Amino acid sequence: MTPHPLHTRLCDLLGIEVPIVCFTHCREVAVAAINAGGFAVLGAAMQSAEQIEANIRFIRERVSGRPFGIDLVLPQNAPPSGTADEVYASIPESHRGFADGIKRKYEVPEPENEVALHQWGGLNKGIAQRQLDAVLEAKVPVIATGLGAPPDLFEAAHARDLLVFSLVGTKKQAMAQLEKGADAIVAQGFDAAGHTGAMGTFSIVPEVVSVAGDKPVIAAGGVTTGRHLAAALCLGASGVWAGTVWLASHESDIDEVVIERILSADGSETTRTPSISGKTMRVLRCPWTDEWSRPDAPEVLKSPYQMMLTSAYLQGANDARRPDLMTEAVGQGVGFVDSRRATAEILRGMVEEACEVLGGWPVPRAGSA
Ligand SMILES: Cc1cc2nc3c(=O)[nH]c(=O)nc-3n(C[C@H](O)[C@H](O)[C@H](O)COP(=O)(O)O)c2cc1C
């Protein structure tokens, strides 16, 4: 069979048709992307081990044996144990007061539901380990992590023939992860939704390619069209890893109120702020991010303490479905997310446009990236 024109070594590594990785928290989006010929990585950092197991079963039952991945947050500086209440208790009074002031100023209601953060892998190492054990036990083909990983992750995954993909924001981080045994590097630029560093996608991708040797590099950050996909391949990447582009898909389970904001937003309505989690993270601007960027705001706490402080605001805003308060991790490419489409249609549209763009250019093609 003739290989797809966009076939790269990432396709060989994963046994997929086109080199697009869909990062999503929504299992229906993941299933749709996998069945459309791409790869999907389910973000599971906020899920309990039991929820992760259920989601793995859900995906497996619907993708006819095709592979997929799970993304966890396994920060090495998280406390070894401790409940959300204990973490909250060690937050300085000055910071609690500032957070309460924001809630009063914007009339943020108290949360109605349990705060989602309580099973976050970044909260303590015990939670993270239980999540990781669930993924290892289920033998999910790819485990992806950003913000570092426990030293024995690579050995544990490789012993089970599983691949580890590391998300990085600098060449130095990429080299450290390759040294530890990463099977592919996700070079994530400043444009990206979620935790992101200071390097732009256009700079970080070729820098990481220059040190990655035969390991595939996957470009992340701002990839929302086929032109971005084509550009990533031209930069030497073997594929793209995209998150923002699926947020308003038909299958997306994000609140419709946030989807409306996403559809109307452009990149300038996002901000890269440490105020959500303690580490720089790109999200839609909201009163919480604005207030913490004031010159008289206290210094942002480290993760997980800042995240704990944020969580009551976020949960209250989400439960009340207040568009003026709500936020979401959204990348600078959000301006291209302007209509509701099926995940498969988005993926196919990217592929078609990339083929069209690359068709007219003398660039390295099939199999060389
Ligand atoms: C809503 C949302 C939540 C995210 N949460 C995580 C996460 O928990 N772990 C992670 O490694 N990356 C997370 N990311 C970042 C993605 O893995 C990816 O690097 C990023 O979306 C790529 O940039 P793009 O959004 O411009 O496509 C998130 C992205 C989005 C859109």
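The values are calculated or read from the model by the stated rules, or taken from the named source; none is laboratory data. All figures in this text were calculated on a predicted structure; none of them were measured in a lab. Here Cβ is always computed from backbone atoms with ideal geometry, including for glycine, and neighbour counts include all displayed protein chains.
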Original post:
Of these, Ala149, Ala187, Ala192, which one is within 12 Å of the ligand (Cβ to nearest atom), in a loop (DSSP other than H, G, I, E, B), modelled with pLDDT of 95 or more and surrounded by 24 or more Cβ atoms within 10 Å (Cβ to Cβ)?
Top reply: Ala192
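Yes or no, residue by residue, for (1) within 30 Å of Ile16 (Cβ to Cβ); (2) of a type in the set (S, T, N, Q); (3) part of a helix (DSSP H, G or I):
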residue: Val41; (1), (2), (3): yes, no, no
residue: Ile56; (1), (2), (3): yes, no, yes
residue: Gly82; (1), (2), (3): no, no, no
residue: Ala99; (1), (2), (3): no, no, yes
residue: Pro109; (1), (2), (3): no, no, no
Original post:
Can you find even one residue in the range 55-72 that is polar (S, T, N, Q) and under 22 Å from Val300 (Cβ atoms)?
Top reply: no
Original post:
Where residues in the range 255-290 are touching a Phe, Trp or Tyr at 6+ places or on another chain (Cβ under 8 Å) and more than 19 Å from Asp191 (Cα to Cα), which of them is surrounded by the most Cβ atoms within 10 Å (Cβ to Cβ)?
Top reply: Trp288
Original post:
Looking only at the range 1-35, which residues are buried (at least 21 other Cβ atoms within 10 Å of the Cβ) and part of a loop (DSSP other than H, G, I, E, B)?
Top reply: Leu6, Thr8, Ile16, Val18, Pro19, His25, Cys26
Subject >> Hits in the range 274-291 - residues which are out of contact with any Asp or Glu (no Cβ under 9 Å at 6 or more places or on another chain) and in contact (Cβ under 8 Å) with a residue 24 or more places away in the chain >> reply: Pro274, Ile276, Ser277, Gly278, Lys279, Thr280, Met281, Trp288, Thr289, Glu291
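Yes or no, residue by residue, for (1) part of a loop (DSSP other than H, G, I, E, B); (2) more than 10 Å from the ligand (Cβ to nearest atom); (3) among the basic types (Lys, Arg):
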position	(1), (2), (3)
Val240	no, no, no
His250	yes, yes, no
Leu263	no, yes, no
Ser275	yes, yes, no
Trp288	no, yes, no
Pro295	yes, yes, no
Pro298	yes, yes, no
Lys302	yes, yes, yes
Leu309	no, yes, no
**OP:** Scan Ala157, Ala134, Ala128 and give me the residue that is outside any loop (DSSP other than H, G, I, E, B), more than 23 Å from Gly239 (Cβ to Cβ) and at pLDDT 95 or above.
**Re:** Ala134
Original post:
Hey, among the residues in the range 162-172 that are more than 17 Å from Pro216 (Cβ to Cβ) and in a loop (DSSP other than H, G, I, E, B), which one's nearest to the ligand (Cβ to nearest atom)?
Top reply: Gly169
Original post:
Scanning for something closer than 20 Å to Thr145 by Cβ and modelled with pLDDT of 95 or more, does the range 224-237 turn up at least one residue?
Top reply: yes
Original post:
List the pairs whose first member sits in the range 64-91 and is within 16 Å of the ligand (Cβ to nearest atom), whose second member is charged (D, E, K, R), and whose Cβ atoms are under 7 Å apart, counting only residues at least 6 apart or on separate chains?
Top reply: Ala78/Lys125
